[in-house]
1. Taking Kirkwood radius over Cα pairs in Å as the quantity of interest, determine which of (i) 22.3; (ii) 21.5; (iii) 20.7 was computed from the displayed structure.
2. Can you compute 3J(HN,Hα) from phi for each residue in segment 211-220, using the Karplus curve 6.51 cos²θ - 1.76 cosθ + 1.60 with θ = phi - 60°, rounded to whole Hz and x for Gly and Pro?
3. Could you work out the relative contact order of the chain, using alpha carbon pairs under 8 angstrom and six or more residues apart, expressed as a whole percent?
4. Counting only DSSP beta bridges with both residues in the chain, tell me the antiparallel percent, nearest 5.
5. Can you give the helix-only mean residue ellipticity at 222 nm for the chain, where every DSSP H stretch with n ≥ 4 adds -39500 (n - 2.57) and the sum goes over all residues, rounded to the nearest 500 deg cm²/dmol?
6. Which residue, chosen from VAL193, SER146, ILE215, occupies the Cα position most advanced towards the positive end of the dipole of segment 97-227, where the dipole is computed from +1 (Lys, Arg) and -1 (Asp, Glu) charges on Cβ about the Cα centre?
7. When the Cα atoms of segment 113-207 are enclosed in a convex hull and the volume is divided per residue, what value in Å³ results?
8. Could you tell me which of VAL20, GLY60, GLN271 has its Cα farthest along the dipole of the chain towards the positive end, charges placed at Cβ (Lys, Arg +1; Asp, Glu -1), taken about the Cα centre?
Amino acid sequence: MRIQAAVFDKQDGPFHLEDVEVDEPGAGEVLVKVAATGICHTDGLARHGDLPFPAPGVLGHEGAGVVAAVGPGVTSVREGDHVVIGWPWCGECRNCLAGEPRYCARIGELLVSGVRPGTQSSALRRLDGGQLHGHFFGQSSFATHSLTRASSLVKVPHDVPLDLLGPLACGLSTGAGAVLNTLRPETGSSLVVYGTGSVGLAAIMAARNSGASTIIAVDRHTARLGLARELGATHTINAADTDPVVAVQEICGGPAHNALECTGVISVVRQAADSVGMLGTCALIGGAPAGAEFTLDHLTTLWGKRIVGILGGGGRSNQLIGALVDLYRQGRFPMDRLVSWFAFDEIEQALAASYAGEVIKPIVRMPS
């Protein structure tokens, strides 16, 4: 089948729209007509090479759309269903079997190998037969159609705007899931969120639905801190002119119970870790460059401090994405306030606007 995709030919090369071919779905696979896809900094990391993905290829991992065709053996979805394309997982390793598919033992292969799971070939190719890597995060949704595994799909109601839901596949679920699945703030507890991009703001919206009574947003952008207040932050700290660790201590009357680091900036990682004390938890969810390292004070970490990394918000896609859709419908997770829309041929501008801080969550709509 001929489709259109945004292809990058080499590391750091620009995206350009190109007609390509995609295989029909095989056993256990589904072809999704993509309505829209969010753009995440992880796409930029992959194009830059900090997240290894082979070129030439097609990125995109926040897709939502309509099931166009199903392969043999697929019974969980059918043509016409509205779906969000979640993360892939093997379903057979000990972590998948333990209910932790985000930590699938084959996650590296499934996310960034560029080929169909268990094979050495991609379902995407150029019209002249040339190699084209796909299956990024199991979907490569910078395209009008995505070939994915049925097990990755989350059905969503038809009455929710489909072109809004793609970011639930990664960015918004990463922030919200870190709060709801892993930190699980206790009643009356405190949470400090470093970074108020889409991931951090999703975490704040989720925290507003938890028992946390003190929710602190830290950033260097005044406008984003103002939005954080509107979305649930009880306090804000502008790190451009204030030491956030000291300010957190003043607000909480001591260390915070939980901290969430959403930036991937190594100096900020240390600030987040220093914001919690004994029996406190600092969760790392921001994407740092490849090879980045950070240091901690051994003694204060030894005293019961927990440092934990979280992939994609943890938990199961069906449960988390389904819950966030329900919260949105109830007005308790207003993710529509984070998004800005772009046409498919504006994908470069969308990523640039995100990096420049001009938009919070860009979403690219596919041609109808």
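The values are calculated or read from the model by the stated rules, or taken from the named source; none is laboratory data. Fair warning: this is a prediction, and the values are worked out from it, not measured in the lab. Glycine gets a Cβ as well: all are built from the backbone with ideal geometry, and neighbour counts include every protein chain shown. Ligands, DNA and RNA are excluded from the accessible area calculation, which covers all protein heavy atoms including side chains. Shrake-Rupley method; radii C 1.70, N 1.55, O 1.52, S 1.80 Å.
1. (iii)
2. Running phi through 6.51 cos²θ - 1.76 cosθ + 1.60 with θ = phi - 60° gives x, 4, 9, 10, 10, 10, 9, 10, 6, 10 Hz.
3. Working: 919 pairs, mean separation 64.5, N = 368.
This gives 18 percent for the chain.
4. Values: 35 of 63 bridges.
Taking every DSSP beta bridge with both residues in the chain, the antiparallel ones total about 55 percent.
5. On the way: 11 runs with 91 residues, N = 368.
Rounded to the nearest 500, it is -6500 deg cm²/dmol.
6. In segment 97-227, that residue is SER146.
7. Details: hull volume 14.6 nm³, N = 95.
Dividing the Cα hull volume of segment 113-207 by its residues yields 154 Å³.
8. About the Cα centre, the residue reaching furthest to the positive side is GLN271.
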